[in-house]
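**Q** Take this structure first; my questions come after.
The values are calculated or read from the model by the stated rules, or taken from the named source; none is laboratory data. Because the structure is a prediction, the values reported are computed rather than measured. Reconstructed Cβ throughout: ideal geometry from the backbone, glycine too, with neighbour counts over all protein chains shown. Calculation scope for accessible area: heavy atoms of the full protein, side chains included, ligands and nucleic acids excluded. Shrake-Rupley method; radii C 1.70, N 1.55, O 1.52, S 1.80 Å.
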Amino acid sequence: SKFVEDADFRASFFQTHADDHPLVAHFCGDDPSTVGRACRMAADLGADAVDLNLGCPQRVAFAGHYGSYLLGDDDRQTVVAIVKAMRAAAPPDVAVCAKVRLLDAPEHTRKLVEDLRDAGAQVVAIHGRKRATWHKKGPGARDGPADLDAIRDAKAAVGDSVVVVTNGNVRNKTDADAALVHTKAGAVMTAEGILDDPALFEDAVCSDSATEHRRKLALAFEYLDLVAAHGNPAGFRSVARRGGAG
């Protein structure tokens, strides 16, 4: 709601450039009207696509009732209504996308993708791990490697009726290429991998560890130079936290 209601917040966090295309605006929320309005605003600001976060496993998503915590059966009608609102609000030439996690059974994941497609989503990214379970025992957000077989099966079930994006187990360009081949997905996505190496898709990894370390440091300093020149709403704290995690 802050993106919709606060013009200063919107101006601070939706910063882009004329050459920054294709541009995707990524939103979370559980109110169809609010998410729909946000999508319309993002489209007016130049977004080429709008994306619904149904994959976040963090506790803040649990507290806010968004992300992967909307993937339960009780919230399916809400999710469908959100995607319908996104499609109704966004211009026809702006794609509607959603990011999800695997459900407990293959047929449930397939039905989720089909429901999103039928509501108006043209692209569905699937992270190959189960949705998080803060409130019960069972599979969680980071239990082992991503299940690319499950993504492959979901893609086979829905065919070309919607673009499926595979997500998970991508640490380098070789992993990305292998994931596309294995899952037959239309595209590949990486999250933590691209944070660790923003040049991941350029296949620039150096075999010598010292040279590789310098390459990543150079990328980090290049980013800091950009932040110093153009600003960053999250501040340098976000960079320090990522550096500390590595």
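**Q** Which FRET efficiency value, to the nearest 0.05, do you get for ASP160 and HIS17 by plugging their Cβ-Cβ distance into 1/(1 + (r/R0)^6) with R0 = 25 Å?
**A** Numbers: r = 33 Å, r/R0 = 1.31.
After rounding, the FRET efficiency stands at 0.15.
**Q** Give me the extension gain from LYS2 to THR78: residue separation times 0.36 nm, minus the current Cα-Cα distance, reported in nm with one decimal. Walk me through the numbers on the way to the answer.
**A** On the way: separation 76, 0.36 × 76 = 27.36 nm, distance 2.00 nm.
So the extension gain works out to 25.4 nm.
**Q** Related question: Quick check on my link table: of LYS84/LYS173; LYS2/LYS155; LYS111/LYS173; LYS130/LYS184, which ones sit more than 25 Å apart, alpha carbon to alpha carbon?
**A** On the way: LYS84/LYS173 35 Å; LYS2/LYS155 35 Å; LYS111/LYS173 31 Å; LYS130/LYS184 20 Å.
Over 25 Å apart, Cα to Cα: LYS84/LYS173; LYS2/LYS155; LYS111/LYS173.
**Q** Also: Quote the FRET efficiency, to the nearest 0.05, computed for ASP153 versus PHE221 with a Förster distance R0 of 45 Å and r equal to the Cβ-Cβ distance.
**A** Working: r = 43 Å, r/R0 = 0.95.
Efficiency for this residue pair is about 0.55.
**Q** Sticking with this one: Using Cα extents along the principal axes in Å as the read-out, say which of (1) 58, 42, 27; (2) 57, 39, 38; (3) 50, 43, 37 was calculated from these coordinates.
**A** Checked against the structure: label (3).
**Q** Here is a further query. Would you work out what percent of the accessible area of region 41-132, with all protein chains in place, is carbon or sulfur (probe 1.4 Å)?
**A** Numbers: 1860 of 3680 Å².
About 51 percent, which is the carbon plus sulfur part of the accessible surface.
**Q** Which of LEU219, LEU71, LEU116 ends up with the largest GNM mean-square fluctuation for the chain, with Cα atoms connected below 10 Å?
**A** Its mean-square fluctuation being the largest, the pick is LEU219.
**Q** To the nearest 20 Debye, how big is the dipole of the chain about its Cα centre, given +1 on the beta carbon of each Lys and Arg and -1 on that of each Asp and Glu? Provide the component values of the computation, followed by the final result.
**A** On the way: 30 positive and 35 negative charges, 141 e Å.
Computed charge dipole of the chain: roughly 680 debye.
**Q** Using Cα springs under 10 Å in a Gaussian network model of the chain, which residue among LEU70, LEU45, LEU54 shows the largest mean-square fluctuation?
**A** LEU45
**Q** A further question follows. Which value in nm describes the separation of the simple spin-label points at ASP118 and HIS213, placed 7 Å from the Cα toward the beta carbon?
**A** Result for the modelled spin labels: 5.5 nm.
**Q** With the chain treated as a Gaussian network of Cα nodes joined by springs under 10 Å, which of THR34, THR211, THR109 yields the largest mean-square fluctuation?
**A** Per the Cα network of the chain with a 10 Å cutoff, THR211 tops the list.
**Q** Could you work out the helix-only [θ] at 222 nm for the chain, with each DSSP H run of four or more residues adding -39,500 (n - 2.57) and the total divided by the number of residues, to the nearest 500 deg cm²/dmol? Display every interim value, and only then the final one.
**A** Working: 11 runs with 116 residues, N = 246.
Roughly -14000 deg cm²/dmol at 222 nm, from the helical runs in the chain.
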